[in-house]
Each structure stands twice: as structure tokens, then as C-alpha cells.
Amino acid sequence: MNTLSSRNLFNLMLLLVTSVALASCGSSDDTQLVYYDDTAITAFSVGTLKQLVETTDDDGNATTTYQNLDCSGYKFYIDQMNHLIYNVDSLPVGVDPTRVVCSISSKSGGYLQIKDLESAEYTFFNASDSLDFSTARYFRVIASSGNSYADYQVKVNVHQEEADEFVWRNKITTNATLGGLTNTRAFALNNNIYLFGVSGGQCKIYRTAETDGKNWAKLTANIAAMLTDQTPFNIVVKDGQFYLYSQGTLYTSADAVSWQTAATASIGRLIGASSSNLYAYSNDGTLLRSSDNGQSWTDDEMDNSKDLLPSQDISFICRLLRAYASSNQLLIVGNRDVSGDKTAQVWGKVEQNDDNAQQQPWSYYPMTSDVRNKAPHLTNLQAISYGENIIALGGQAMNASDLKTFANFYKSEDEGVTWPVEENITFPEGFSCSPLHFALVVDSQNYIWVICGNSGQIWKGRRNSLGWQTYEKYITE
């Protein structure tokens with residue numbers, strides 16, 4: 001705590017004298033006042049604030065009006081060590097931070113002052129005053145004894161963007177070399193984006209930093225002779241490493257340049273990984289699992305026929321189940337090239353990894369007539385985990401599907417059961433892409449990348465809420 005300046009001390013003593021005089025009037029001789037040397041701000045909240053809201057009528061005319069918004073439910077955290085007060089969950093877009101009435105509590109009857117916006121002067125805080133919190137404000141709480149004080153910085157955070165709005169950055173670049181690749185797949189690893197694609201029958205590898213996207217380095221792998229036109233479909237990421245399967249051997253690498261042999265295996269293809277297991281198809285098309293990074297493989301139980309597994313355009317998604325420790329929700333999404341298919345094929349499983357867990361079977365999610373929003377059956381279908389949802393993108397309609405080419409992104413909010421159109425993600429203006437060859441990936445900063453075949457366009461976008469700063473929460477006193 002700090003000691004008071006002579007001017008502030010004089011003002012405080014004047015207040016204390018007045019308080020003592022008022023307390024002594026009409027009281028008994030036994031009345032005693034107790035003053036404390038320590039103090040702190042113990043609670044901070046805001047009430048009903050003004051929010052600017054824009055509405056559009058049926059004719060497209062926009063009107064902006066202010067409405068009252070109850071913000072008392074927004075929690076403010078107090079960092080007593082650093083004397084910071086802030087709301088982790090920002091107030092909604094349009095809230096006016098220049099007219100805020102707040103409520104503050106202090107320990108042991110401490111007196112509250114607020115620092116002027118234009119000067120270093122502090123004046124006593126009036127709880128009925130409307131304050132400007134468009135910038136950080138400083139409050140001073142003075143011990144009731146008048147011997148010490150503590151200063152706090154208070155920030156009232158207000159969102160400047162709509163949470164669900166998805167914003168594409170301007171097209172990062174157009175790269176003719178990448179546009180000429182086929183069978184492309186992209187991976188985010190160690191703050192880089194890797195693109196695997198095929199040119200001249202051989203797999204090529206390119207890398208750019210997540211923060212870049214304009215400059216792509218061509219990589220030369222030490223196992224170049226083992227890379228084929230199917231290599232992009234036999235790569236997964238686990239524990240900060242690539243795993244690649246080729247011709248009976250499983251390789252691993254942290255940079256896609258230096259590869260080491262991890263195991264020899266007789267599998268059909270590698271399809272995915274969780275935090276605990278690798279997953280693959282067997283040579284006869286059933287599901288396999290390896291808990292020792294490919295050294296051994298176990299049949300994974302399925303509740304339906306292997307014929308219903310996707311055979312191409314396979315995406316494997318692993319999402320942590322927050323309600324259950326050491327458990328993941330797994331999803332396989334992909335296509336079969338079957339003339340009668342109208343939808344993609346979806347399988348799911350809860351993977352339990354605690355010591356006493358029993359392995360659950362994979363469940364097939366049938367897209368029956370009662371499923372209103374079915375998994376899209378589109379060429380080069382790819383799905384990624386994004387925020388609380390799963391996002392899917394495909395090219396043109398396959399087999400019996402009647403979907404239009406690059407008409408929509410799709411989402412699943414129920415772990416793959418239904419797939420409505422994702423209304424908040426639309427294609428950027430000028431988007432041009434091969435419906436057969438493109439790559440979809442999400443990076444560590446929650447940007448979605450689309451790397452387009454033919455045109456070579458590279459797009460990058462993010463939902464606003466997934467880019468907002470997060471604050472550490474401190475326990476209040």
C-alpha cells in the first residue's frame with residue numbers, strides 16, 4: 001500500500017472529522033469508531049447500459065437506435081496482486097462505454113476515489129455518477145484510518161466485432177505452382193502450414209509460416225523415393241509429429257524433411273490420430289487402432305458393415321470431451337464412389353483412455369429420411385474441427401447428390417449427426433477453385449485456410465470470436 005499526499009490527506013481528514021461529528025450526534029457515550037489501516041476493492045459491477053442497435057426493415061432501410069441492456073450479469077475479476085479489474089467476457093457490440101454507472105465495494109470501509117481523465121487529480125467516487133470507461137480508469141481506495149491507500153486500474157471491455165461474423169482477409173496470394181498440384185492436403189504443425197500435393201506423379205511438399213502465406217518453401221524429404229501420388233492421403237499429425245505410411249513402413253517427422261522409420265506395418269492406409277492412438281484401414285477395409293505409434297495394430301469394433309466406411313475424401317476429427325477426463329470424440333467423414341449415394345458417410349466413436357476404460361465401438365450415422373440436414377456428398381469433401389462445431393467444404397455434387405458446386409460451407413453442431421449450411425461463412429468475393437483439388441486446414445490461431453487448385457488462390461479467414469483476446473481469471477478477495 002501507499003501513503004497519502006498532504007492534499008489528499010487533508011481532504012480525507014476533513015471527511016473523517018465530518019463522519020465523527022455525525023456519528024457522535026444522538027449516540028450514547030459507549031459508541032466507538034474503529035478504523036483500519038488495510039483496504040482493497042472487493043467487488044466491481046456495472047448495471048443497465050445503453051446499446052446502439054442497427055435494424056433493417058423489409059425494404060433494406062437501416063435504422064440505429066439505443067436500447068437499454070442489463071449488463072449486471074457480466075463478471076468482473078479482481079487481480080489483487082497487480083491491482084487490475086476487468087471483465088473476461090466483453091460486453092456486446094454497440095454498448096456505450098462512455099456512460100457507465102458502476103457499483104464498487106471496498107474492504108473495511110475504505111473510501112473510494114477516481115482519477116480524472118485529463119489530470120492526475122483524484123476526487124471522491126459517487127456511485128450515482130455516469131463514468132467514461134472508453135479508456136482504462138484508475139480508482140483509489142483509502143484505508144479508513146487514513147494512513148494508506150491502493151490504486152486499481154479498471155478496464156470495461158466491449159466487443160468491437162460481432163461474435164459470429166466470419167471475416168476473410170484479402171486474398172493472401174496467388175501461387176501458380178501450388179495451383180498446379182493435385183491430391184492436395186494441408187496440415188498445421190508447429191506454427192507452420194504444410195501442403196502435400198502431387199505433380200508429375202510424385203508427391204511434393206511446401207511450407208509457409210502461419211503468419212505468412214505468401215512465401216512457400218519447397219521441401220526435399222530424405223525419403224523422396226517413398227513418396228507417391230497417394231502420400232497426401234496417408235499422412236496424419238500426432239503429438240507434434242507427422243506420421244506417414246508408405247509401402248509397408250511407417251515414418252515420422254517433425255519438419256517433413258527429416259523422416260525416421262517408426263515401424264513396419266501391414267495396413268491398407270493411415271486415416272487419422274487422436275492424442276493416444278493412430279487409426280488406419282486394414283488391407284481388407286476394416287478399422288484398426290494402434291496405441292504404440294504403429295508398432296502393433298488391433299481391430300477396432302464397428303456396429304455396422306465395413307462397406308459403409310468412406311473409401312475416399314476421408315477426414316478424421318478428434319475433439320476433447322470436456323466432461324470426461326482422458327476421453328475424445330472421434331469422427332470419420334468421407335465419401336464412397338457408389339452411384340446411389342446421396343450423402344457422405346459418417347462414423348463416430350467416444351475414445352476413452354483412462355486405465356480402466358473399455359473401448360467403445362465405432363457407430364455408423366445413417367443419413368435416413370428423417371435426418372433433415374444430411375452430410376454433403378461433394379467431391380474432395382474435407383472437414384475440420386472449428387470452435388464448437390465441425391466445418392465441411394466440398395466441390396461439386398457426386399453420384400445421386402443434387403448439391404451445387406461451391407454453394408455453401410456446412411457445419412455440424414452435434415458431432416456429425418446433422419450438417420446444415422453454415423450461414424456465417426460465405427465464399428469470399430473473387431473465389432475461384434478446382435472442385436476436385438483444394439486443401440482445407442485450420443491453424444493454431446483459428447484461421448481457416450483454403451488453398452485452391454487451378455487458380456492457386458490462397459484464402460485465410462476467421463470467426464471474430466475465435467480471435468478475441470482471452471484473459472486470465474483471478475479469484476477475488
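The values are calculated or read from the model by the stated rules, or taken from the named source; none is laboratory data. All values reported here derive from a predicted model rather than from experimental measurement. Heads up, the Cβs are rebuilt from the backbone with ideal geometry, glycines too, and the neighbour counts pull from every protein chain shown. Protein only, heavy atoms only, side chains kept; ligands, DNA and RNA dropped before computing areas. Shrake-Rupley method; radii C 1.70, N 1.55, O 1.52, S 1.80 Å.
For each pair in K238/K411; K155/K411; K155/K214, compute the distance between the two Cα atoms and list the pairs where it is over 32 Å. Please report the intermediate quantities before stating the final value.
Numbers: K238/K411 24 Å; K155/K411 35 Å; K155/K214 37 Å.
In this structure, K155/K411; K155/K214 lie more than 32 Å apart at Cα.
In terms of Cα to Cα distance under 19 Å, which lysines are near enough to K404, apart from those fewer than 8 places away along the same chain?
Of all the lysines, those that pass the test against K404 - Cα under 19 Å, at least 8 places apart if same chain - are K342, K374.
Ignoring ligands, DNA and RNA, what accessible area per residue does segment 137-236 give at 1.4 Å, in Å²?
Averaged over the residues of segment 137-236, the accessible area is 43 Å².
Nearest 0.05, what FRET efficiency do V101 and E162 give at R0 = 22 Å with Cβ-Cβ as r?
For R0 = 22 Å, the calculated efficiency reads 0.30.
Give me the percent of the accessible area of the chain that comes from carbon and sulfur atoms, probe 1.4 Å, all protein chains in place.
Carbon-and-sulfur percentage of accessible area, whole number: 45.
Taking R0 as 45 Å, what FRET efficiency do you get between S369 and L320 from their Cβ-Cβ distance, rounded to the nearest 0.05? It would help to have the intermediate numbers written out before the result.
Details: r = 33 Å, r/R0 = 0.74.
That pair, S369 with L320, gives E of 0.85.
For C433, C452, give me the order by solvent-accessible area with a 1.4 Å probe, most accessible first, ignoring ligands, DNA and RNA.
So, going from the largest accessible area down, we get C433, C452.
Run the simple label-point estimate for S465 and S282 please: 7 Å along Cα→C-beta, distance reported in nm.
For the pair S465/S282, the computed spacing is 4.3 nm.
Segment 93-127: which trypsin sites (Lys or Arg not before Pro) are DSSP loop and have at most 14 other beta-carbon atoms within 10 angstrom? Walk me through the intermediate numbers first.
Working: sites: R99, K107, K115; in loops: R99.
Within segment 93-127, the qualifying trypsin sites (Lys or Arg not before Pro) (loop, at most 14 other Cβ atoms within 10 Å) are R99.
Counting just the Cα atoms, what span does the chain cover along each of its three principal axes? Round to the nearest Å and put the largest first.
Principal extents (largest minus smallest coordinate, Cα): 96, 61, 47 Å.
E423 versus T249, label points 7 Å from Cα toward the beta carbon: distance in nm?
It is 5.3 nm.
Name the lysines eligible as straight-distance cross-link partners of K107: C-alpha to C-alpha under 20 Å, and not fewer than 8 places from it in the same chain.
Hits, sequence-local ones excluded: K75, K115.
Counting only C-alpha contacts under 8 Å and six or more residues apart, can you give the relative contact order of segment 322-477 as a whole percent?
16
Determine the per residue accessible area of segment 339-424 with all protein chains present and a 1.4 angstrom probe, expressed in square angstrom.
Value for segment 339-424: 46 Å² per residue.
Using alpha carbons only, how many angstrom separate the centre of segment 370-398 from the centre of segment 192-226?
Going from one Cα centre to the other spans 26 Å.
Relative contact order for the chain using alpha-carbon pairs under 8 Å, separation at least 6, rounded to a whole percent? Please report the intermediate quantities before stating the final value.
Values: 1106 pairs, mean separation 59.9, N = 477.
Value for the chain: 13 percent.
Please pull out the direction-averaged projected area of segment 197-350, using the convex hull of its alpha-carbon atoms, in nm² to one decimal place.
Details: hull surface 45.1 nm².
Quarter of the Cα hull surface area: 11.3 nm².
For helix 6-24, what angle does its Cα long axis make with the longest principal axis of the chain, in degrees from 0 to 90 and rounded to 10?
Tilt relative to the chain: about 70 degrees.
Subtract the Cα-Cα distance of Q358 and N399 from 0.36 nm times their separation in residues, and report this length gain in nm to one decimal. It would help to have the intermediate numbers written out before the result.
On the way: separation 41, 0.36 × 41 = 14.76 nm, distance 3.85 nm.
Working it through step by step, the gained length comes to 10.9 nm.
Using only alpha carbon pairs under 8 Å that are at least six residues apart, calculate the relative contact order of segment 90-191 and give it in whole percent.
With pairs under 8 Å counted, the relative contact order is 28 percent.
To the nearest 0.05, how large is the calculated FRET efficiency for L436 and S134 if R₀ is 51 Å and r is the Cβ-Cβ distance?
Efficiency at R0 = 51 Å is approximately 0.50.
Would you mind calculating the gained length between D89 and S266 on full extension (0.36 nm times residue separation, minus the Cα-Cα distance), in nm to one decimal?
Length gained, D89 through S266: 58.7 nm.
Between K306 and D59, what is 0.36 nm times their sequence separation minus the Cα-Cα distance? Round to one decimal in nm.
On the way: separation 247, 0.36 × 247 = 88.92 nm, distance 5.36 nm.
Answer, rounded to one decimal: 83.6 nm.
With n ≥ 4 as the cut-off for DSSP H runs, can you work out [θ] at 222 nm for the chain, using -39500 (n - 2.57) per run divided by the number of residues, rounded to the nearest 500?
-1500 deg cm²/dmol
Where a Cα-Cα gap under 12 Å defines reach, which aspartates and glutamates qualify for K349, not counting those fewer than 8 residues away within the same chain?
D300, E301, D303, E415
Calculate how many DSSP beta bridges within segment 147-239 are antiparallel, expressed in % of all such bridges and rounded to the nearest 5.
100
Can you sort K404, K214 by 1.4 Å-probe accessible area, starting with the largest? If you can, show how the numbers build up before the last one.
Numbers: K404 155, K214 130 Å².
Accessible-area ranking of K404, K214, largest first: K404, K214.
Would you calculate the separation in nanometres between label points at T211 and D151, each defined as 7 Å from the Cα along the Cα-to-beta-carbon direction?
3.3
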